[in-house]
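Working notes, beginning with the structure itself.
The values are calculated or read from the model by the stated rules, or taken from the named source; none is laboratory data. Worth saying up front: this structure is predicted, and the values here are computed from it rather than measured. Cβ sites come from the backbone with ideal geometry, for glycine too, and all protein chains shown count toward neighbours. We work out accessible area using only protein heavy atoms, side chains counted, and drop any ligands, DNA or RNA first. Shrake-Rupley method; radii C 1.70, N 1.55, O 1.52, S 1.80 Å.
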Amino acid sequence: MTDNAGSEIEYRVTAKGVKKAFGDNEVLKGVSFTVQRGTATAIIGPSGSGKTTLLRTLNALDRADAGVIRVDDVEIDFSTPTPKPDVRRFQSRSGFVFQGHNLFPHKTVLQNVIEGPVIVQKRPKDEAVAEAVELLDQVGLAEKRDQYPYQLSGGQQQRVGIARALALKPKLVLFDEPTSALDPELVGEVLGVIKELAVQGWTLVIVTHEIQFAKQVSSQVLFTDQGIILEQGTPDEVIGNPKEDRTRQFLDRILNPL
């Protein structure tokens with residue numbers, strides 16, 4: 001299961017002049033960038049720099065106050081009123097993997113994965129189950145299908161969260177610091193799944209504090225600071241040889257903490 005290679009859309013995401021404020025706090029100050037189809041983009045930056053809010057605007061979990069965002073074939077100008085059906089269509093183009101798993105505790109692993117396809121997308125249950133089993137096998141959890149979230153480790157729960165997002169057959173998969181809530185020894189198993197998705201050609205946007213992972217998996221890195229994208233380019237450019245003093249300062253603090 002990968003992105004549609006036959007699509008004529010070169011850019012899976014195009015964002016222009018995206019702004020978002022919470023009260024008097026202007027979190028995004030006119031952000032613009034593109035994401036090519038079948039690539040992984042990593043968003044890095046200090047806490048409070050706007051990276052998670054930026055990610056959430058791509059799924060309208062946080063609706064932008066202004067700016068134009070296109071995901072796949074759906075474009076919305078957030079500076080004008082948008083009908084709810086258009087917003088739902090926009091949201092349907094992407095799947096979201098949260099920091100804290102957000103699994104339904106009273107449902108089994110399999111039930112969690114098929115919830116979206118069956119309830120939201122109205123797909124036949126037999127079809128959803130067959131695809132969910134394949135996805136659980138892909139993330140290494142086929143044998144856990146009948147267990148409940150409390151019976152799983154944090155890393156396993158996060159891998160179920162990834163399978164749940166993929167079950168919606170999204171054009172874009174969004175990850176909000178997918179390893180931040182995990183014990184250190186569980187981080188690798190989740191990052192390994194995400195790396196495999198990148199190899200398979202899914203279009204990914206990942207907010208992460210794992211700098212070496214961002215360097216390995218991404219085609220593009222965005223460094224955010226104080227509500228803007230201060231620097232963007234390839235991993236070798238942004239992480240390996242940053243132009244901005246602020247980027248260098250941040251990376252030095254992360255990579256050389258002592």
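Observations on the structure shown:
- Subset of the stretch 194-216 [open to solvent by 20 Å² or more (accessible area, probe 1.4 Å) and in a helix (DSSP H, G or I)]: LYS195, GLU196, ALA198, VAL199, GLN200, GLN212, LYS215, GLN216
- Identity of the residue in the stretch 169-193, crowded, with 19+ Cβ neighbours inside 10 Å and part of a loop (DSSP other than H, G, I, E, B), that ends up modelled with the lowest pLDDT: LEU182
- The condition of being crowded, with 22+ Cβ neighbours inside 10 Å and either within 22 Å of ASP176 (Cβ to Cβ) or at pLDDT 95 or above (or both) holds for only one of GLY67, GLY100, GLY30, GLY50, that being GLY50.
- If only residues of the stretch 65-103 that are part of a loop (DSSP other than H, G, I, E, B) and in contact with an Asp or Glu (Cβ under 7 Å, 6 or more places away or on another chain) are counted, the one that is farthest from GLN156 (Cα to Cα) is PHE78.
- Of all residues in the stretch 8-22, those being open to solvent by less than 70 Å² (accessible area, probe 1.4 Å) and either among the small types (Gly, Ala, Ser) or assigned to a strand (DSSP E or B) (or both) number 8.
- Residue pairs meeting the criteria (Cβ under 6 Å; at least 6 apart or on separate chains; first free of Cβ contacts under 8 Å to residues at least 40 places away in the same chain, in the stretch 61-86; second surrounded by 13 or more Cβ atoms within 10 Å (Cβ to Cβ) and outside any strand (DSSP E or B)): VAL74/ARG89; VAL74/PHE90; VAL74/ARG93; ILE76/THR82; ILE76/PHE90
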